[in-house]
1. In a GNM of the chain with a 10 Å cut-off on Cα contacts, which of 162, 181, 62 has the highest mean-square fluctuation?
2. Test of understanding: in a Gaussian network model of the chain with alpha carbons linked when under 10 Å, which of 267, 106, 53 would top the mean-square fluctuation ranking?
3. As a quick test, which of the pairs 145/273; 273/347; 62/319; 62/377; 181/324; 7/75 have an alpha carbon distance above 32 angstrom in this structure?
4. Just want the ordering: 44, 194, 187, 281, from fewest to most Cβ atoms lying within 10 Å of their own Cβ.
5. So which aspartates and glutamates pass the test for residue 22, namely a Cα distance under 16 Å, with those fewer than 8 places away in the same chain ruled out?
6. Any idea how far the Cα center of the stretch 140-198 sits from the one of the stretch 32-47, in Å?
7. Roughly what angle does helix 298-313 make with the longest principal axis of the chain, taking Cα atoms, 0 to 90 degrees, to the nearest 10?
8. From Cα coordinates alone, what are the radius of gyration and Dmax values for the stretch 147-246 in angstrom?
Amino acid sequence: METRHFKNIIIGFGKAGRALAKSLSKNGEEALIIERDQAMYGGTCPNVGCAPSKTLIVAGQKNMNFSEAMTTKYKVREILHNAAYHGAADEALVYVMDGLARFINSKTVEVVNGENVTQVIGERIFINTGATPIIPEIEGIHEAKNVVTSEGAMELSELPKKLVIIGAGYIGLEFAGMFNKFGSEVTILEPHATFLPKEDEDISNEIYKDLVAAGVEIQLGVEIERITDSEVFAGGKVYPADKILIATGRRPNIKDLDLEKADVELSENGYIKVDDDLKTTAQNIWALGDVRGGGQFYYLSTDDFRIVNNQLFGDHSRKLSDRKLVPYSVFISPTLSRIGLDEKQAKEAGVNYRLFKMAAAPIVKAKVVQDTRGLLKALVDPNTDEILGATLYHEDSHEVINLVSLAMKMHTPYQVLRDQIFTHPTMGEGLNDLFQNEVK
């Protein structure tokens, strides 16, 4: 068995890992990236996550047919995949090894690629293996031929006439909207009785109403009993399906790592436990990205890289606990975007707030793009006038939310956005109106 030595070993070719490898090389240190699947060079987002899914969503909104949309997706994915690979692998001191990695101890990793087995020993090891879809225990789910996850749904060669989605979380809703736009008959089956329980009720009601109006059937509080090749049995009814999409969340991709041999512990929710520096319970091992839990977003993996990179080559000032404001967007139609507190969270925490709220319809740009659906909400601290949080459900909210996020990070009083001169017509200028519409 061949044994090789590297100062830095990175398990997984995700966003944080490849950015770290590039930085290590530029700082004169060798870095080995181990990746089990060449198709995953670059990680989840460019290959099976946000980039291909959003490409398909946009294609549907542009009224492309399914075949054209899939062709566009493959082109975009190839560009991003190649850029991600070469962005790291072309660095002078970065090495890539294909194979399945598993720990022998806290400094030694065995890499298996077919019949070839290599031992690599590293001074530092970074785990960046991401997350994978959860497959719930439902009778017939493993035997049924037409069951897919979100990843498999983006590889379909034909548009399913009838699509049943199990799970009404954010991923399920994005795919429901996308396939509905392409022309599939979409039914969502959700075991929980409440639709989008994390959102304020007025927001979730608007989203529910718009999805149903678009033709998506939503069944809440139904127990999934059994799945066959072409049917889902749930809540005493039978739902015919050409494809069955499982959208019940994601779990850390750690199955084959043998973490216990490296003294790496897991948190209560099954993700790798890390401290404020993203170090695991083994002092020479870090975990970055989705594998350590928290929000599973591409931009948080990027920020994980910044934290670790700052430890290695900076002033060690960046910490995980500094990350207090994280915006997110759900690419349904129109887009849902959030930052900070909503009303439900503020009430549960006993936080006093002033509420600003308005419909999206009065915004001129909403009329221009002929999509006046939506609702805007913001919470403001009554003592400091700083924004506590915002929920934006309207066209282009994924862009506008970044203005609010920046204002919150800079501790800017809400009046600045209320009186800001925005270009016209834009959805951003809706913030002028929102912060004049206080609910008394």
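1. Looking only at 162, 181, 62, the biggest GNM fluctuation is shown by 62.
2. 267
3. Values: 145/273 36 Å; 273/347 30 Å; 62/319 41 Å; 62/377 28 Å; 181/324 36 Å; 7/75 36 Å.
Cα-Cα > 32 Å for 145/273; 62/319; 181/324; 7/75; rest within.
4. Fewest-to-most ranking of 44, 194, 187, 281: 194, 281, 187, 44.
5. Candidates past the 8-residue exclusion: 30, 35, 90, 91, 303, 304.
6. When both Cα centres are located, 25 Å separates them.
7. 50
8. 12.8, 38
Read the figures in this text as sums done on the coordinates, not as results from a lab. Fair warning: this is a prediction, and the values are worked out from it, not measured in the lab. Neighbour counts run over all protein chains shown; Cβ positions are idealised from the backbone, glycine included.
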